[in-house]
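S.K.: Dropping a structure here in structure tokens format, bear with me for questions.
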Amino acid sequence: MRLLVIMRYYPFPPRAGSTVVAYNNIKEISKKHSVYFICLDFAKELGDFAGFVERIEFISPKKIPRIIRWFRYIFHILLRIPFLPTTYMSRKMQKRVKELIERNKFDAILLYEIAMIQYCPPSSYKKVIINIEDPQSIRLNRMIRLPIWSLWEKIELLVTARLMTYYENRFFPKMAKVLLLSKADIQDMQEQGGYANLGFVSYGANKRPIENIIGYEGRTEGMIIFSGSMFNPPNVDGALFFLQHIFPLVLREYSTAILWIVGAEPDMRICDTTACFGEHVVITGRVNDMSEYLQRAKVSICPVRLKTGVQTKILEALSWGTPVVTTSAGNSGIGGCSGSELWVEDKPSIFASRVVALLRGEGWHRLSEEGRKLVEEHFSWERSAMELEQHIMSIQTAGEK
């Protein structure tokens, strides 16, 4: 089959979000199918991704003066178009995609961001498969409830959520398939919009050689890790929640514990809150290789309180045999069994006690082994690509009827 992939970012290096999913999906699916790739980005380096595709095409977005951009935002709000599609609007891209679809017999068109829908002509919708990762309208509506926003920020989020809900309801039913990474999100979207074309594609994590898995005794004493982009609102809220309500309880029982907050661009509220903990908190900022920290930690935490998507930080930790303590919101997209594959706790005192027990080695080896097996058996990129291929085949079958 011939596939057209449309993205706004080039997926190499695959750092986060849609680029990780796209890179690994295309890497696997290109072994059997031909892929034509086009995006709104110029890559500094093509990397090995160039070897996975038949052709790569970059479209340079036109630079628009700020005042015109703001008039466009206001005009599009009146038309009920969200900020994200407006930000990445490109007539040049629309024209080029239309030409490619008309000149080539593509069996399917793959999108990895909702903003890319605008580039597909309506005549192509029945071939479009969009992987949205998690439902943005639901995510935004739930994010408003996080206690980290000012009144103005809440209003802005509410407006964005309303626009996104309208946009999703307008376009999603017209697509061949709308794919999500969490079965819990599929259920939530069906309840919200009654969509009949939703599908599931699992997230993946790289399998780690067993000889590279470090046991409890070889890890850094008292080391707890919280990883991820530390400007991302759910991570900011999760970090503040842990620091204010859980970490003091941990230190009371395990005085040598050290929390490592590892991730890009830590929010100032995190930095300010950690000041009172002195040497018991280390903030690294962006790191080149997250696995170096995950391999050393005794415990990985995911105290997020926003229920959408898949917490990749959990999968990455488990893949390295690092036991995880998370909230029910953090586990919603993972579906791990609490007590055998990881710990799921929402009450701060119990969350803290689970962290302390693992720092002491209690049940550590069991959770390390079972958590790693969970990832190997249910979260592989080979499996993800196979599920994606099945969705592609299903729209081919539907088109033949």
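The values are calculated or read from the model by the stated rules, or taken from the named source; none is laboratory data. Computed from a predicted model, the values in this text were never measured in an experiment. Here the Cβ is made from the backbone with ideal geometry for all residues, glycine too, and neighbour counts use every protein chain on show. For accessibility, only protein heavy atoms count, side chains too; no ligands or nucleic acids. Shrake-Rupley method; radii C 1.70, N 1.55, O 1.52, S 1.80 Å.
S.K.: Tell me the per residue accessible area of the range 339-401 using a 1.4 Å probe; a whole number in Å² is fine.
M.R.: Values: 3070 Å² over 63 residues.
Per residue, the range 339-401 has 49 Å² of solvent-accessible surface.
S.K.: What lysines could a cross-link reach from LYS126, if we take a straight Cα to Cα line under 20 Å and drop same-chain neighbours fewer than 8 places away?
M.R.: Once the sequence-local lysines are set aside, what remains near LYS126 is LYS95, LYS98, LYS105, LYS174, LYS177, LYS401.
S.K.: Put a dot 7 Å past each Cα toward the Cβ at GLN94 and ILE155; how far apart are the dots in nm?
M.R.: 3.1 nm
S.K.: Test of the criteria: in the range 167-268, which GluC sites (Glu not before Pro) are in a DSSP loop and have at most 12 other Cβ atoms within 10 angstrom of their Cβ? Walk me through the numbers before you get to the answer.
M.R.: Values: sites: GLU168, GLU191, GLU211, GLU217, GLU221, GLU253; in loops: GLU221.
Of the GluC sites (Glu not before Pro), the ones in loops of the range 167-268 whose Cβ has at most 12 other Cβ atoms within 10 Å are GLU221.
S.K.: Taking amide H positions as placed 1.01 Å from N in the peptide plane, with prolines and chain starts having none, which residues 5 or more places from ALA257, or on another chain, fall under 5 Å of its amide H?
M.R.: none
S.K.: Hey, in the GNM for the chain with a 10 angstrom Cα cutoff, which one of LYS347, LYS27, LYS298 fluctuates hardest?
M.R.: Taking springs between Cα atoms under 10 Å, the residue moving most is LYS347.
S.K.: If you take all C-alpha pairs in the range 80-176, what percent of them are over 15 Å apart?
M.R.: Working: 3012 of 4656 pairs.
Looking at the range 80-176, the distances longer than 15 Å represent 65 percent of pairs.
S.K.: Please report the relative contact order for the range 1-119, taking Cα pairs under 8 Å with a sequence separation of at least 6, and give it as a percent rounded to a whole number. The partial results should precede the final answer.
M.R.: Values: 156 pairs, mean separation 40.7, N = 119.
Taking the mean separation of contacting Cα pairs over the length of the range 1-119, I get 34 percent.
S.K.: Further, regarding this structure: Checking the cross-link filter: which lysines have an alpha carbon closer than 22 Å to that of LYS154, excluding same-chain neighbours under 8 positions apart?
M.R.: Within the straight-line limit of under 22 Å, LYS154 reaches these lysines: LYS307.
S.K.: Given that compact globular proteins tend to follow 2.2 N^0.38 Å, what is the ratio of the alpha-carbon Rg of the chain to that value?
M.R.: Values: Rg = 22.0 Å, N = 401, 2.2 N^0.38 = 21.5 Å.
Relative to the 2.2 N^0.38 Å estimate, the chain comes out at 1.02.
S.K.: First check a/c for the range 9-121, with a ≥ b ≥ c the square roots of the eigenvalues of its C-alpha gyration tensor; if it is under 1.5, answer rounded, and if not, answer prolate when a/b is larger than b/c or oblate otherwise.
M.R.: Prolate.
S.K.: For ILE214 and ARG252 in the same chain, what is the full-extension length gain: residue separation times 0.36 nm, less their Cα-Cα distance, in nm?
M.R.: Numbers: separation 38, 0.36 × 38 = 13.68 nm, distance 2.73 nm.
Net length gain for the segment: 10.9 nm.
S.K.: Please state the relative contact order of the chain as a whole percent: Cα pairs under 8 Å, 6+ residues apart? Don't skip to the answer; put the middle values down first.
M.R.: Working: 705 pairs, mean separation 60.3, N = 401.
Rounded, it is 15 percent for the chain.
S.K.: Spelling out what I want: for every residue of the range 188-204, take phi, set θ = phi - 60°, compute 6.51 cos²θ - 1.76 cosθ + 1.60 (Karplus), and round to whole Hz; glycine and proline get x.
M.R.: So the J values, rounded to whole Hz, are 5, 5, 5, 5, 7, x, x, 5, 9, 10, 7, x, 10, 10, 6, 6, x.
S.K.: Please list, ordered by chain and number, the residues whose modelled amide H lies under 5 Å from the amide H of GLU133; skip anything fewer than 5 residues away on the same chain.
M.R.: Here the answer is LEU181, since their amide H atoms fall under 5 Å of that of GLU133.
S.K.: Alpha carbons only, please: Rg and Dmax for the range 15-73, in angstrom.
M.R.: 15.2, 47
S.K.: Starting at the first residue of the range 103-120, write each ³J(HN,Hα) from the Karplus equation 6.51 cos²θ - 1.76 cosθ + 1.60 with θ = phi - 60°, in whole Hz, x for Gly and Pro.
M.R.: Listing the rounded values in order: 8, 10, 8, 7, 7, 7, 10, 9, 10, 10, 8, 5, 5, 7, 4, 4, 8, 8 Hz.
S.K.: Still on this structure, please answer the following. Relative contact order for the range 274-397: what is it in percent, counting Cα pairs under 8 Å that are at least 6 residues apart?
M.R.: Numbers: 145 pairs, mean separation 26.6, N = 124.
In percent, rounded to a whole number, it is 21.
S.K.: If I compute solvent accessible area with a 1.4 Å probe over the protein chains, what percent of it on the chain is carbon and sulfur? Mind dumping the intermediate values first?
M.R.: Details: 9670 of 18350 Å².
Carbon with sulfur: 53 percent of the solvent-accessible area.
S.K.: Let me ask something additional. If each DSSP helix of 4+ residues adds -39,500 (n - 2.57) and the sum is divided by the residues in the chain, what number results at 222 nm, nearest 500 deg cm²/dmol? Let's see the in-between values first.
M.R.: Working: 16 runs with 171 residues, N = 401.
Calculated from helices alone, the mean residue ellipticity at 222 nm is -13000 deg cm²/dmol.
S.K.: Please give, to one decimal in nm, the separation of the simple spin-label points placed at ILE148 and ILE350, each 7 Å out from Cα toward the Cβ.
M.R.: About 2.5 nm, to one decimal.
S.K.: Hey, can you grab everything whose amide H is under 5 Å from the amide H of LEU342? Only 5+ residues off in sequence or another chain; H modelled, so Pro and N-termini drop out.
M.R.: Sorted by chain and number, the residues that satisfy this are CYS337.
S.K.: Can I ask one more? Please turn the phi angles of the range 54-60 into ³J(HN,Hα) values with the Karplus equation 6.51 cos²θ - 1.76 cosθ + 1.60 (θ = phi - 60°), one per residue in order, whole Hz, x for glycine and proline.
M.R.: 5, 7, 10, 10, 10, 10, 7
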